[in-house]
1. Which residues, counting only those in the range 80-100, are buried (at least 16 other Cβ atoms within 10 Å of the Cβ) and either at positive phi or out of contact with any Ser or Thr (no Cβ under 6 Å at 6 or more places or on another chain) (or both)?
2. List every residue pair whose Cβ atoms sit under 8 Å apart, with the two residues 6 or more apart in sequence or on different chains, where the first one lies in the range 101-119 and is among the charged types (D, E, K, R) and the second, anywhere, is assigned to a helix (DSSP H, G or I) and at pLDDT 95 or above.
3. Answer yes or no as to whether Ile45 is at pLDDT 95 or above, in contact with a strand residue (DSSP E or B) (Cβ under 6 Å, 6 or more places away or on another chain) and among the β-branched types (Val, Ile, Thr).
4. Could you check, for the range 52-62, whether at least one of its residues is of a type in the set (Asp, Glu) and farther than 19 Å from Arg36 by Cβ?
5. With respect to the numbered conditions (1) of a type in the set (A, V, I, L, M, F, W, C); (2) crowded, with 17+ Cβ neighbours inside 10 Å; (3) more than 18 Å from Arg38 (Cβ to Cβ); (4) at pLDDT 95 or above, which one is the sole condition not fulfilled by Ala66?
6. Residues that are in contact with an Asp or Glu (Cβ under 6 Å, 6 or more places away or on another chain) and over 21 Å from Glu137 (Cα atoms): which helices (runs of 4 or more DSSP H) entirely in the range 21-121 hold 2 or more of them?
7. Check Val20 against each of (1) of a type in the set (A, V, I, L, M); (2) surrounded by 17 or more Cβ atoms within 10 Å (Cβ to Cβ); (3) modelled with pLDDT under 95 and name the one condition it does not meet.
8. State which residue is surrounded by the fewest Cβ atoms within 10 Å (Cβ to Cβ) when the search covers only the range 101-130 and only residues that are of a type in the set (D, E, K, R) and within 25 Å of Lys22 (Cα to Cα).
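The values are calculated or read from the model by the stated rules, or taken from the named source; none is laboratory data. These numbers were taken from a predicted model, which means no experiment stands behind them. Here the Cβ positions follow ideal geometry from the backbone for every residue, glycine too, while neighbour counts run over all protein chains shown.
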Amino acid sequence: MGRRRVRLRCASGDTDMKGVSKLIQELQTIFNAYIRERDKGLPCISCGDPYPSDAGHLFKKSTRPAMRFNPRACFLQCRKCNSLPDGNYEAMCKGIAQRYGTDYLTEVIQTANESRKTDHKWSRSELQELINYFKSEIKNLKHD
């Protein structure tokens, strides 16, 4: 007899009942909105396009999961740059160094390299904490 999975559902949408994958999806949407609000008015970090629309990650989410929601490693990019296989990595690094300095870029790369040493798994509480944090940051940015 096969095993059946029973998923608890909560009509109110209570996050205590959401699984990790649903919370990751929710956080990704909120995190991307935060990056768009934070970088509003800035050109594409990679090519300088004046109308960027995507939250582009410096590192692939699949290879550096611990960096996925790190705002120091995500910037507004135009759709063209963000859709390249490597996210236009070299140009993005150059843009980050020009905008924030080479020390900033070096620190982000070092953090990412350190994160590779662990197999990071997101917990529900960690994800919920980040959701609350980035929602608050979005509100703060909109009031400034």
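1. Asn82, Gly87, Asn88, Tyr89, Cys93, Ile96 - these are the residues of the range 80-100 that are buried (at least 16 other Cβ atoms within 10 Å of the Cβ) and either at positive phi or out of contact with any Ser or Thr (no Cβ under 6 Å at 6 or more places or on another chain) (or both).
2. From the range 101-119, the pairs are Glu107/Arg72.
3. Considered against the rule, which asks whether it is at pLDDT 95 or above, in contact with a strand residue (DSSP E or B) (Cβ under 6 Å, 6 or more places away or on another chain) and among the β-branched types (Val, Ile, Thr), Ile45 comes out as yes.
4. no
5. Every listed condition holds for Ala66 apart from (4).
6. Values: elements: 79-82, 89-100, 102-115.
Per the criteria, 79-82.
7. Here Val20 clears every test but (2).
8. Asp119
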